[in-house]
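Enquirer: Can you read through this structure? Questions will come right after.
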Amino acid sequence: MSGDSDYLGDLDPDDPRTPSQQIANKLRAAILTGKLKPGEKLPSQPDLASRYGVARETIKVALRTLQAERLIVSRQGSGSFVRAQTERPIGLRPHIEAAFERPHVSLDFAGFSGETLHNTLIEVLDKVRAGRLTPESLKIRMMMCDTAAPMALPRRVGTDTAEDAIRQRAERISKRAVNGIVDAVNELVDMGLLRSATAEVRVHELVPSFKLYILNSEEIFFGLYPVASHTIRLNGDQVKIFDLLGKDSTLFHFSVGEDDTSNAPQFVKEAQGWFDSLWETIAREYVP
């Protein structure tokens, strides 16, 4: 293992605690002091077993301890990662990158415009283009507010619905985000870097109160949209509006890999069911 993992230290033969307890303590300290950052991948089980000269089962016991404390989350086939329980949207990227290490990737998004998703996903797709990530297939579904229809938000302060100029502004932001994702995915297919890939978009007339990201039907990131007033430039004038501030929303992370005492696996299942129900009922095809 490299010098980058010196924070792991060595086992103390005079410590009365078991090797698994000592290893859990060292990893816990690394997480709580920021040496292992949210979303970062832990050394593999074989690497840890080799480092400490213990059986792999000892490492599994240590990792289960950290899972029970909700400090890490394990992904089948990818390894263990530091939880990003209250990460800002930028915390999505390492988790999405980890999902792209799998041969088959699915990503469902529900929210207002997809702007944050675009900014995060484009960086990951650039790594596919560079050959640093090599999934075989990719399936993206984006479900958002129909900005071409009347909207309750965003709207000018003192009014009940969005005027055309505000709606058109929201529509430009949304189109720029989703079209950019669709074009980037299609380009990777055309270059032969993905064996198969789809990027579908559907819209509905509900004003979302939250954003939801579902990775491989195993992890979700969930955040509420705060509504706040702020000033924008509209047709050359400064206008105060009530807006959904997605960039300021805190995301909570849930995984099916959490221990049996957690509600997270059920929440992931319910969130996927909610997404599928809207996708198959009131959501309709997006027209660029």
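The values are calculated or read from the model by the stated rules, or taken from the named source; none is laboratory data. As the structure is a computational prediction, the values presented were derived from the model and not from experiment. Glycine gets a Cβ as well: all are built from the backbone with ideal geometry, and neighbour counts include every protein chain shown. Accessible surface areas use protein heavy atoms only, side chains included; no ligands, DNA or RNA. Shrake-Rupley method; radii C 1.70, N 1.55, O 1.52, S 1.80 Å.
Enquirer: List every residue pair whose Cβ atoms lie under 9 Å apart, where the two residues are 6 or more positions apart in sequence or sit on different chains, the first residue falls within the stretch 275-288 and is modelled with pLDDT of 95 or more, and the second residue, located anywhere, is open to solvent by less than 100 Å² (accessible area, probe 1.4 Å) and part of a loop (DSSP other than H, G, I, E, B).
Expert: Every condition considered, the pairs that remain are LEU278/LEU206; ILE282/LEU206; ARG284/ASP146.
Enquirer: Condition first: polar (S, T, N, Q), in a helix (DSSP H, G or I) and either under 23 Å from ARG93 (Cα atoms) or modelled with pLDDT under 85 (or both). Now tell me which residues in the stretch 1-44 satisfy that.
Expert: Initially, the stretch 1-44 is screened for residues polar (S, T, N, Q), giving 2, 5, 18, 20-22, 25, 33, 44.
With the extra rule that they be in a helix (DSSP H, G or I), the set shrinks to 5, 20-22, 25.
Of everything in the stretch 1-44, just one residue is polar (S, T, N, Q), in a helix (DSSP H, G or I) and either under 23 Å from ARG93 (Cα atoms) or modelled with pLDDT under 85 (or both), namely SER5.
Enquirer: Let me ask something additional. Does GLY53 satisfy being crowded, with 18+ Cβ neighbours inside 10 Å and modelled with pLDDT of 90 or more? Give the steps one after another, and end with the answer.
Expert: On the way: crowded, with 18+ Cβ neighbours inside 10 Å: no; modelled with pLDDT of 90 or more: yes.
No.
Enquirer: Regarding the stretch 116-138, can at least one residue be identified that is under 18 Å from TYR213 (Cα atoms), touching a helix residue (DSSP H, G or I) at 6+ places or on another chain (Cβ under 7 Å), of a type in the set (D, E, K, R) and in contact (Cβ under 8 Å) with a residue 40 or more places away in the chain?
Expert: No; the residues of the stretch 116-138 include none that is under 18 Å from TYR213 (Cα atoms), touching a helix residue (DSSP H, G or I) at 6+ places or on another chain (Cβ under 7 Å), of a type in the set (D, E, K, R) and in contact (Cβ under 8 Å) with a residue 40 or more places away in the chain.
Enquirer: For the subset of the stretch 35-56 comprising residues that are charged (D, E, K, R) and farther than 15 Å from GLN22 by Cβ, which member is farthest from the chain's Cα centre (by Cα)?
Expert: Of the stretch 35-56, the ones charged (D, E, K, R) are 35, 37, 40-41, 47, 51, 56.
Keeping just the survivors that are farther than 15 Å from GLN22 by Cβ gives 35, 37, 40-41, 47, 56.
Numbers: LYS35: 21, LYS37: 15, GLU40: 13, LYS41: 15, ASP47: 27, ARG56: 30 Å.
Step by step, filter the stretch 35-56, then rank; the result is ARG56.
Enquirer: Go through THR159, THR116, THR134 for me and flag whichever is of a type in the set (S, T, N, Q) and at pLDDT below 90. Walk me through it before giving the result.
Expert: Details: THR159 fails: at pLDDT below 90; THR134 fails: at pLDDT below 90.
Exactly one residue qualifies, and that residue is THR116.
Enquirer: Determine which member of the set VAL203, VAL207 is in contact with a Phe, Trp or Tyr (Cβ under 6 Å, 6 or more places away or on another chain), β-branched (Val, Ile, Thr) and touching a residue at least 60 places away in the same chain (Cβ under 8 Å). Explain how you work it out, then say what you get.
Expert: Values: VAL207 fails: in contact with a Phe, Trp or Tyr (Cβ under 6 Å, 6 or more places away or on another chain).
The unique qualifying residue is VAL203.
Enquirer: What are the residue pairs meeting all of these: first residue in the stretch 139-160, first residue within 17 Å of THR231 (Cα to Cα) and assigned to a loop (DSSP other than H, G, I, E, B), second residue hydrophobic (A, V, I, L, M, F, W, C) and open to solvent by 60 Å² or more (accessible area, probe 1.4 Å), Cβ atoms under 7 Å, and 6 or more apart or on different chains?
Expert: LEU153/VAL227; LEU153/PHE242; PRO154/PHE242; VAL157/PHE242
Enquirer: Any chance you could count how many residues in the stretch 125-144 are aliphatic (A, V, I, L, M), open to solvent by less than 10 Å² (accessible area, probe 1.4 Å) and more than 30 Å from GLU205 (Cα to Cα)?
Expert: 1
Enquirer: Kindly check whether there is at least one residue in the stretch 98-117 that is among the charged types (D, E, K, R), open to solvent by less than 20 Å² (accessible area, probe 1.4 Å) and in contact with a Phe, Trp or Tyr (Cβ under 7 Å, 6 or more places away or on another chain). Reasoning before the result, please.
Expert: Looking only at the stretch 98-117, we keep the residues that are among the charged types (D, E, K, R), and these are 101-102, 108, 115.
Adding the requirement that they be open to solvent by less than 20 Å² (accessible area, probe 1.4 Å) leaves 108.
Imposing the further condition that a residue be in contact with a Phe, Trp or Tyr (Cβ under 7 Å, 6 or more places away or on another chain) reduces the set to 108.
Yes, the conditions are met somewhere in the stretch 98-117.
Enquirer: Name the one entry in LEU27, LEU71 that is closer than 24 Å to SER255 by Cα, buried (at least 19 other Cβ atoms within 10 Å of the Cβ) and under 23 Å from the mean Cα position of the chain (by Cα). Even if it seems obvious, please write down each step before you answer.
Expert: On the way: LEU27 fails: under 23 Å from the mean Cα position of the chain (by Cα).
Exactly one of LEU27, LEU71 is closer than 24 Å to SER255 by Cα, buried (at least 19 other Cβ atoms within 10 Å of the Cβ) and under 23 Å from the mean Cα position of the chain (by Cα), namely LEU71.
Enquirer: Further, regarding this structure: How many of the residues in the stretch 128-138 are at negative phi and part of a loop (DSSP other than H, G, I, E, B)?
Expert: 6
Enquirer: Same structure again: In the stretch 195-218, how many are open to solvent by 50 Å² or more (accessible area, probe 1.4 Å) and on the phi > 0 side of the Ramachandran plot?
Expert: Of the residues in that region, 1 qualify.
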